[in-house]
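Inspection log for the structure reproduced underneath, given as structure tokens.
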Amino acid sequence: MAERKGIEVSLAIAESASACNVDCIAAYPITPQTHIVEHLSELVADGELDAEFIPVESEHAAMSACCGTAAAGARTFTATSSQGLALMHEILFIAANLRLPIVMTVANRALSAPINIWNDHSDVMTERDVGWLQIFAENGQEAADLVPICHKIAEDKRVLLPIMLNFDGFILSHVVEPIEMLSRDEVANYLPPYEPQQRLDIDHPITMGPVGMPEVYTEAKMAHEHAVRSAYGPICEHLDGFAKMFGRAYHPVESYKAEDAEILFVMMGSASETAMSWVDEVRAAGKKVGIVRFRLWRPLPVADFKKAIAGAKVLGIIDRHFSPGGPGGPVAQEVKYMMYGEKNAPKVVEVVAGLGGRDLDDDAFNNLFDKCSKVLGGGDVPPFELIQVRGGHYGKA
């Protein structure tokens, strides 16, 4: 039966992967995800997990090895962060387009330079276009639960795509939380044994990853695009199945006190829970504000998002990454894309905050709320801003 215990979130993720009976882990240590694969190596060494642990010389090699083990038909798991994810970049496209159901947890961390080991979303947002499914956890319980869910989604015969499980580095990875850990039997009842649709087998040879000549490349890319978009239905199905079995419900888009809100903050990750406490306080003061959070990031849950923001007049978007010299943050870009051409669409106010581990606090939320309130009152939409500059000074980028 499920056991509730105090455990570091990284170790909970590792034990959850172990409960999934993964066959292979290929990984390289990088802060702040190291505790995940370190604990998995201990579980393998101690005989608690019957799996191959492949120590490699880099994250590039780690993802290359994962492609090999997944192609051979093994349930494959890995973890990385920041520069490690960036080093995998070349191979991420290959894993996606070969339709290899790898599960990778990413302890989100800022990209260098300057060197920074703390949390923001620059690593995963830089990998938006690699063709992986992507989902976010807000706390340790969600991170532990989403590991078997991710395996079930990735291995579904209708999906067969790799998936990234994102959770905030340090803010979650190194924190001890009370987590209800599912037993191996419970996970086994939810997650069936992996049955690969095709596999590298010397007795039954097949070709995987051939050259894509101009005559077929576009068609291959279109097939992959269709696979990613078509994964939405199975994703919802498996999230619902987990809720029915274990009582904890997760949805592609989630809201907090959004029903009558005129202003909605749009965000993702652990800062959402901090923002909920702020919303409780300002709600008590009579301010109609709520939160809409993306849990599913790829495929982009357009219909769910539009339903969640129905009735809002202003959206205040908090990005934790931005495109230098470009149109602002990635979440704001995607929201504007979804709103384009919509009648009576809410106005969008966008800010970037919480970079490199800087706390998202009440000052940041109040700053954004003030901007949204001015727009709600008829003012012009302000330009995109970095609002946390020089230790609390708020100004334009």
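The values are calculated or read from the model by the stated rules, or taken from the named source; none is laboratory data. Note that the structure is a prediction, hence the values are computed from the model and not measured. Glycine also receives a Cβ, built like all others from the backbone with ideal geometry; neighbour counts cover every protein chain displayed.
Give the residues of region 2-28 that are among the β-branched types (Val, Ile, Thr) and outside any helix (DSSP H, G or I), sorted by residue number. Give the steps one after another, and end with the answer.
The first filter runs over region 2-28 and keeps only residues among the β-branched types (Val, Ile, Thr), leaving 7, 9, 13, 22, 25.
Selection gives ILE7, VAL22, ILE25.
Does region 294-307 contain any residue that is farther than 25 Å from ALA231 by Cβ, out of contact with any Cys (no Cβ under 9 Å at 6 or more places or on another chain), not basic (Lys, Arg) and not assigned by TED's automatic domain parsing to the domain that holds ARG229?
Step one: filter region 294-307 for residues farther than 25 Å from ALA231 by Cβ, giving none.
No, because not a single residue in region 294-307 is farther than 25 Å from ALA231 by Cβ, out of contact with any Cys (no Cβ under 9 Å at 6 or more places or on another chain), not basic (Lys, Arg) and not assigned by TED's automatic domain parsing to the domain that holds ARG229.
Just checking, does region 6-18 include any residue being more than 18 Å from ALA107 (Cβ to Cβ) and at pLDDT 95 or above?
Kept after step one, since they are more than 18 Å from ALA107 (Cβ to Cβ), are these residues of region 6-18: 6.
Filter once more, keeping what is at pLDDT 95 or above: 6.
Yes, there is a match, as at least one residue in region 6-18 is more than 18 Å from ALA107 (Cβ to Cβ) and at pLDDT 95 or above.
Do you know which residues across region 238-257 are more than 16 Å from the chain's Cα centre (by Cα), in contact (Cβ under 8 Å) with a residue 24 or more places away in the chain and assigned to a loop (DSSP other than H, G, I, E, B)?
First pass over region 238-257, keeping only residues more than 16 Å from the chain's Cα centre (by Cα): 238, 240-249, 255-257.
Okay, now just the ones that are also in contact (Cβ under 8 Å) with a residue 24 or more places away in the chain, so 238, 241-242, 245-246, 248, 255-257.
If the condition is that a residue be more than 16 Å from the chain's Cα centre (by Cα), in contact (Cβ under 8 Å) with a residue 24 or more places away in the chain and assigned to a loop (DSSP other than H, G, I, E, B), then ARG248, LYS257 are the ones that fit.
Let me confirm something: among ILE91, ILE117, which residue is in a loop (DSSP other than H, G, I, E, B), of a type outside the set (Asp, Glu) and in contact (Cβ under 8 Å) with a residue 24 or more places away in the chain?
On the way: ILE91 fails: in a loop (DSSP other than H, G, I, E, B).
One residue alone meets the criteria, ILE117.
Does GLU57 satisfy the condition of being assigned to a helix (DSSP H, G or I), charged (D, E, K, R) and at pLDDT 95 or above? Reasoning before the result, please.
Values: assigned to a helix (DSSP H, G or I): no; charged (D, E, K, R): yes; at pLDDT 95 or above: yes.
In short, no.
Out of ASP129, ASP123, report the one residue that is buried (at least 21 other Cβ atoms within 10 Å of the Cβ), under 15 Å from the mean Cα position of the chain (by Cα) and of a type in the set (Asp, Glu).
On the way: ASP129 fails: buried (at least 21 other Cβ atoms within 10 Å of the Cβ).
Result of the check over ASP129, ASP123: ASP123.
From the list LEU355, LEU376, which one is in the same structural domain as ALA275 (by TED's automatic domain parsing), aliphatic (A, V, I, L, M), closer than 29 Å to HIS174 by Cβ and modelled with pLDDT of 95 or more? It would help to see each step written out before you state the result.
Details: LEU376 fails: closer than 29 Å to HIS174 by Cβ.
On inspection, the qualifying residue turns out to be LEU355.
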